[in-house]
Amino acid sequence: MSIRPQTLSIIGFGAFGQLIARHLRPHLALSVCDPRVRSNDLPQVDLAQVARADIVVLAVPLPQLAGVLHAIALHLRPGATVIDVASVKLEPARLMLQILPDHVEIIASHPLFGPASAAEGPAGHRIAWCPLRGRGHRRLAAFLRGQGLEVIETTPDQHDRDMAVVQGLTHLIARSLSRLGPLPRHMATRSFAMLAEAAAMVQDDSPELLATILKANPHAASVRQRFLAEAAGIADEL
C-alpha cells in the first residue's frame, strides 16, 4: 500500500529504532539521528535535518523526550507527523501536545512487540495507536495494517491502565524469577516453561525501559501493590 509521505526519520537508533528501519526501509526514504549509534548505510543527520522528514519517529528513552521535542520543534514542516513509540503514553502525549507546534500532526503509539518477539517481522503483532492531532493517522494506520499489524486505537490513559497490568506485572514477575537463580528446565511443566519463556523475552530489556514501565506509568504502582497484596494473601491462606 502506498502512502503520501516519502521520507521518514528515526531519532534514536537503539534496538527498536533499528527494528523500525529494517522493516520500513523498503517503503520510505529513511534517515537516522543518534549521536551514540551509527547506522551502517542509512543517512546519519542532525536533529535539525531529521526534523524535515514527512514522518518523524521518536525512539528515545522517556527522560530524553522533552529535550528532543524542544530541539526539533522549530524545524518541523507544516503537515509533518510526529510519532513516539514509548512504553507509556500519558507523559509523551502531554509533552508532544505542549511542545510541538500546531502545524504538525501527532500520534502517540506503542508497538506491543520488540526486537526479540518480532525477530521474524511485525506481521501478526499489535500496536497501540493514540491519535492526538490531525487526520493523517488514518492513512498511516491503514499502511500498518497492510504490513500485517493489528492497530488498536485507544487513549493514552486507557493504554497506561492496561499496560500497568500487561507490562508492569510481566516485568515484575520476570525480574523476580531471574533473581531466584537458574530455573528448572528438565523437570518443568508446560505451564512453567511458558512462564519462563515469557520472562526470558523481557529480562534483557534496558534499565531505562524498566524504569519507564514500572515508574513512569502513573497506574503501575497501584496495580503492583494490589498484585503483591493478593499474592501475600494467598500465601497467608495456605
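Before moving on, here are some points about what is shown:
- Residues in the range 59-92 that are in contact (Cβ under 8 Å) with a residue 40 or more places away in the chain, among the aliphatic types (A, V, I, L, M) and over 20 Å from R139 (Cα atoms): A59, V60, L62, V68, I72, A86, V88, L90.
- In the range 21-42, the residues that are over 15 Å from I11 (Cα atoms) form Cβ pairs under 9 Å with partners that are assigned to a loop (DSSP other than H, G, I, E, B) and charged (D, E, K, R), at six or more places apart or across chains, as follows: L28/D54.
- Of the residues making up the range 121-166, those that are of a type in the set (D, E) and touching a helix residue (DSSP H, G or I) at 6+ places or on another chain (Cβ under 7 Å) are D157, D160.
- Residue match in the range 215-223 (condition: surrounded by fewer than 16 Cβ atoms within 10 Å (Cβ to Cβ), touching a residue at least 40 places away in the same chain (Cβ under 8 Å), outside the structural domain of R94 (by TED's automatic domain parsing) and under 30 Å from V56 (Cβ atoms)): yes
- Leading residue by the ranking (nearest to S109 (Cα to Cα)) among those in the range 69-83 that are touching a His at 6+ places or on another chain (Cβ under 9 Å) and in a loop (DSSP other than H, G, I, E, B): A80
- Here the condition is being among the aliphatic types (A, V, I, L, M), part of a loop (DSSP other than H, G, I, E, B) and closer than 30 Å to Q203 by Cα; of A66, A86, it holds for A86 alone.
The values are calculated or read from the model by the stated rules, or taken from the named source; none is laboratory data. No experiment lies behind these values; they were computed from the predicted model shown. Ideal geometry is used to build each Cβ from the backbone, glycine not excepted, and the neighbour counts take in all protein chains shown.
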